Amino acid sequence: MMEMIYGQIGGAVAHFPIFAVISLFLGAFLTALVGKRRALLRRGIVFVSSLVSLVLVILMIPPVMSEGWIITYWMGGWEPVGQWAIGIGLEADALSLFFALIVTAAVFTAALYSFPYMAQDSQPENYYTLYLMLAGSLLGLVLSGDLFNIFVMIEIMTMTAVALTAFRVDYDGALEGAIKYMIVGSIGSSAVLVGIAILYSQLHTLNLAQLALRLPEANSPATAAAFAFLFVGFGSKAFLFPFHPLAADAHAVAPASISMIISGVITKCGVYGIIRLCYVLWQNMSLPAVSTAVTLIGAVSCFICVTMAFNQHNFKRLLAFHSISQIGYVIAAVGLGSFFGLEAGLFHAMNHTIFKGLLFLAAGAVQHAAGTLDLDRLGGLARKMPRTFLLFLIGAAAISGLPPFNGFASKWMIYQSVFEKAEESGNPVFILVLVLCLLSSVLTLASFVKVTQSVFFGPCRPEYAELRDVSAAMRVPMWILATLCVITGLFPGAVRNILLAPAAAAAGNPAAYIDAVFGVGTAAGAHIPEAAKASETLIGCWEPLSWLWLLLTVTCAVCFVMVLGGRPFGRTVQADDAEERRQASEKLFAGLPDPKYESFFSGEKAEFSHVGGSDLFWGFKYSLRRYFSYMRRWHSGNVNDYTRYGIAALAFMLAFAVLCL
Amino acid sequence: MILINYIAAFALIALGFYCMAVKKNLIKICIGMGIADYGANLLIVSVGFHDGGTAPIFTIGELTRASFFVDPVPQALTLTSIVIGACTTAMTLSLIIRLKEKYGTLNSDEIRRLRG
């Protein structure tokens with residue numbers, strides 16, 4: 001085996017990408033060999049193989065991220081000859097490595113969680129084999145330097161993800177979610193394959209660097225169509241609008257560890273594909289048409305999914321819709337085409353893996369302990385599962401964008417980048433995008449208030465009287481993620497310097513990607529410009545002074561409302577007698593027209609009246625009932641309908657690409 | 001002559017997608033997935049076709065500047081893609097068998113507990 005390296009870097013580092021991928025696939029093979037018995041050995045194999053790939057990826061960070069090397073590796077030593085790269089290559093630049101880090105970290109954490117979580121399930125050997133194959137395909141996808149190899153990895157990923165979605169076959173809806181994922185997902189896979197075929201017919205190569213070298217000059221309707229096919233293919237793997245119903249069905253029924261991988265990592269691989277496609281291969285993100293379209297797709301996914309989440313009664317289904325909503329943020333930021341926007345998108349992608357992983361694992365813990373995910377049947381678990389509740393709160397605060405957690409920092413960056421883009425381009429679409437993003441953030445907070453209320457607050461139901469918090473083994477992975485939430489939230493500057501800036505610079509610099517394969521100067525010969533390094537300063541999200549202003553503003557607002565409202569919200573009503581209490585509450589709420597409000601202000605009559613999650617925002621939902629009932633009908637659950645949306649998206653993108661590119 | 005391959009390939013893909021979007025029976029949807037996949041395979045293998053080319057099988061020494069053969073890469077791709085297609089079909093059918101046991105129907109209109 002031989003390696004070719006950009007510059008002089010040599011030694012073992014050049015082999016790290018392939019070993020990181022092989023470690024996971026080898027682990028899958030060994031797990032299958034171990035068989036049903038010997039659970040400890042099996043866990044050992046899973047632990048070691050996922051740890052090895054994580055360590056190898058971390059070891060690649062100093063040379064690739066800090067020193068700017070690009071590691072290329074040719075399978076079987078088939079190096080490119082005279083600008084023709086026929087062999088299959090792995091190419092790890094900072095962008096690939098950034099996503100590889102997300103993949104391996106999430107895989108390791110979810111594996112740790114799986115050990116206690118899946119302990120009661122039958123056929124653990126199948127679970128771990130599929131799990132490691134899924135992990136290997138994800139890592140192979142982001143590290144691959146070959147388009148067809150990416151397709152193969154996508155197929156392994158889809159197949160194993162479907163199998164794992166249906167792993168708990170007897171769980172209600174597991175098979176249904178899996179088959180919908182399979183059928184609608186196959187549209188995406190076919191689209192990628194057709195895109196590859198068209199591209200090969202035009203350029204006779206599948207190597208990403210060679211494609212990047214030759215695509216800008218080979219612009220034709222055929223390559224535009226290939227772009228549309230590949231974009232829809234990767235978009236469907238990221239579950240972007242209109243593929244989002246799929247995600248909701250699949251996430252909600254999969255085991256929690258798999259939900260974390262599907263939502264945290266598989267969607268990120270779709271995002272990676274879109275970034276690679278638009279920034280490195282076609283280099284067309286600077287075109288206003290592409291930029292506007294991608295941003296708009298992101299913003300629409302973001303808004304529609306958050307409103308759908310608002311309406312859900314299943315804990316994990318709600319989280320699933322939120323996860324696509326957050327991916328919408330990422331795509332909206334990535335689509336801006338600015339260096340800062342890309343940084344913001346990457347940061348949010350990373351943060352989403354962390355906090356959504358945490359939330360899914362917390363939901364899994366609730367399901368493990370209480371046996372249900374139905375928001376209308378849960379309640380009062382904060383007293384029974386205080387540790388899980390604390391972890392859930394950290395995740396919920398992070399996804400809602402509350403400081404000091406990581407969601408705040410990345411959403412702040414996204415708003416700033418959209419704002420700058422709107423100002424710079426003067427395009428009203430970006431103002432709309434900004435408004436949609438802000439609205440979605442508010443709705444995210446609202447729906448997490450709803451989840452917290454209906455799962456953790458209120459009186460504890462009698463059937464959960466004997467409930468115990470989950471074991472420490474299950475909480476350790478959650479604590480890892482919660483700690484990451486806080487660390488990345490407190491030090492966004494450091495994260496930006498170490499990870500985001502190199503990754504965004506690599507995405508914006510296709511010339512280096514090409515030169516790493518074909519030698520220095522190749523890209524310059526083909527007139528592919530070196531990217532100018534942009535550096536911007538954040539509008540001080542971690543400046544203490546702005547925090548103080550925020551605190552003062554909020555305090556003033558609260559005081560203002562309390563003075564104007566004139567209602568003694570903080571006072572408790574001392575009444576022993578039921579009749580007395582009723583009178584007191586009547587006096588207290590004399591101005592309120594509807595007794596339905598009483599439970600909101602603890603004036604409830606029944607001892608066990610829990611404000612259900614679906615009641616919390618009933619006024620809002622009632623005012624927008626037309627929209628909500630329309631959306632309900634639209635997400636019909638029929639696989640034919642979802643297929644139609646997918647095909648419509650494909651047709652739309654084809655028309656768009658051929659007309660606008 | 002090669003044009004008809006391209007037309008047929010896209011016709012097959014369109015037919016497969018149509019099948020998936022319109023047919024209610026899950027088995028027929030699975031067949032539609034297969035047809036779309038065959039269309040893609042036909043497209044790839046047509047892409048590498050050269051009129052009058054021989055099969056791209058040579059031993060060392062046989063290969064000269066004058067040899068004229070079809071592009072071997074798309075054939076390798078097609079082979080891979082056929083294998084993947086077979087896996088997809090097998091996987092879908094196995095899911096359909098379990099679905100039939102559980103839901104008692106193959107009608108996609110009735111398999112919609114997850115919605116809204």
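The values are calculated or read from the model by the stated rules, or taken from the named source; none is laboratory data. Values in this document were obtained by computation on a predicted structure and should not be read as measured data. Positions of Cβ are generated from backbone atoms using ideal geometry, with glycine treated the same way; all protein chains shown enter the neighbour counts.
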Residues of the stretch B:104-116 that turn out to be surrounded by fewer than 16 Cβ atoms within 10 Å (Cβ to Cβ), more than 7 Å from every other protein chain (Cβ to nearest Cβ) and within 25 Å of B:Ile35 (Cβ to Cβ), as a count: 3
Restricting attention to the stretch A:105-115, does a residue exist that is in a loop (DSSP other than H, G, I, E, B) and buried (at least 23 other Cβ atoms within 10 Å of the Cβ)? no
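Would you check if A:Ala250 is under 29 Å from A:Gln83 (Cβ atoms), of a type in the set (Gly, Ala, Ser), in a helix (DSSP H, G or I) and in the same structural domain as A:Met159 (by TED's automatic domain parsing)? Don't jump to the end; show me each part of the working.
Details: under 29 Å from A:Gln83 (Cβ atoms): no; of a type in the set (Gly, Ala, Ser): yes; in a helix (DSSP H, G or I): yes; in the same structural domain as A:Met159 (by TED's automatic domain parsing): yes.
No.
Among the candidates A:Pro63, A:Pro17, which residue alone is in contact with a strand residue (DSSP E or B) (Cβ under 8 Å, 6 or more places away or on another chain), assigned to a helix (DSSP H, G or I) and crowded, with 23+ Cβ neighbours inside 10 Å?
The unique qualifying residue is A:Pro17.
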Would you confirm, using the coordinates I've provided, whether B:Ala8 is away from chain A (no Cβ under 13 Å), under 30 Å from A:Asn638 (Cα atoms) and of a type outside the set (D, E, K, R)? yes
Inside the stretch A:396-433, can you point out the residues that are over 15 Å from A:His348 (Cβ atoms) and either in contact with a His (Cβ under 9 Å, 6 or more places away or on another chain) or surrounded by 19 or more Cβ atoms within 10 Å (Cβ to Cβ) (or both)? A:Ala396, A:Ala397, A:Lys421, A:Phe430
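Tell me whether the stretch A:496-516 contains one or more residues that are surrounded by fewer than 16 Cβ atoms within 10 Å (Cβ to Cβ) and either in a helix (DSSP H, G or I) or in contact with a helix residue (DSSP H, G or I) (Cβ under 8 Å, 6 or more places away or on another chain) (or both).
Let us first name the residues in the stretch A:496-516 that are surrounded by fewer than 16 Cβ atoms within 10 Å (Cβ to Cβ), namely A:497-498.
Okay, now just the ones that are also either in a helix (DSSP H, G or I) or in contact with a helix residue (DSSP H, G or I) (Cβ under 8 Å, 6 or more places away or on another chain) (or both), so A:497-498.
Yes, because at least one residue in the stretch A:496-516 is surrounded by fewer than 16 Cβ atoms within 10 Å (Cβ to Cβ) and either in a helix (DSSP H, G or I) or in contact with a helix residue (DSSP H, G or I) (Cβ under 8 Å, 6 or more places away or on another chain) (or both).
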Lone unmet requirement of (1) over 23 Å from the mean Cα position of the chain (by Cα); (2) closer than 24 Å to A:Thr205 by Cα; (3) of a type in the set (D, E, K, R) for A:Asp93: (1)
Just one of the numbered conditions (1) closer than 25 Å to B:Val45 by Cβ; (2) facing chain B (nearest Cβ under 8 Å) is not true of A:Ala163; which one? (1)
Can you pull out every residue in the stretch A:167-195 that is facing chain B (nearest Cβ under 8 Å) and either among the polar types (S, T, N, Q) or not in a helix (DSSP H, G or I) (or both)? A:Val169, A:Asp172, A:Gly173, A:Ser186, A:Ser189, A:Ser190
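Restricted to the stretch B:81-95, and to residues that are facing another protein chain (nearest Cβ under 7 Å) and crowded, with 18+ Cβ neighbours inside 10 Å, which residue is farthest from B:Gly53 (Cα to Cα)?
Residue satisfying both the conditions and the ranking: B:Leu95.
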Name the pairs whose Cβ atoms lie under 7 Å apart, with the first residue in the stretch B:62-84 and over 17 Å from A:Tyr200 (Cα atoms), the second of a type in the set (Asp, Glu), and 6 or more positions between them or separate chains? B:Ile84/A:Glu155
All positions within the stretch B:64-80 that are of a type in the set (Ser, Thr, Tyr) and either more than 10 Å from every other protein chain (Cβ to nearest Cβ) or part of a loop (DSSP other than H, G, I, E, B) (or both): B:Thr64, B:Ser67
Can you say whether A:Ser417 is touching a residue at least 60 places away in the same chain (Cβ under 8 Å) and either under 20 Å from the mean Cα position of the chain (by Cα) or under 18 Å from A:Ile331 (Cα atoms) (or both), as far as the supplied structure shows? yes
Restricting the stretch A:196-224 to residues that are facing chain B (nearest Cβ under 10 Å) and not in a helix (DSSP H, G or I), the residue that is farthest from A:Val280 (Cα to Cα): A:His204
Can B:Ile44 be described as free of Cβ contacts under 8 Å to residues at least 40 places away in the same chain, of a type outside the set (Lys, Arg), out of contact with any Asp or Glu (no Cβ under 9 Å at 6 or more places or on another chain) and surrounded by 20 or more Cβ atoms within 10 Å (Cβ to Cβ)? yes
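Residues that are within 14 Å of chain B (Cβ to nearest Cβ), crowded, with 24+ Cβ neighbours inside 10 Å and aliphatic (A, V, I, L, M): find the helices (runs of 4 or more DSSP H) completely inside the stretch A:265-380 holding 1 or more of those.
Helices (runs of 4 or more DSSP H) meeting the threshold: A:288-310, A:315-334.
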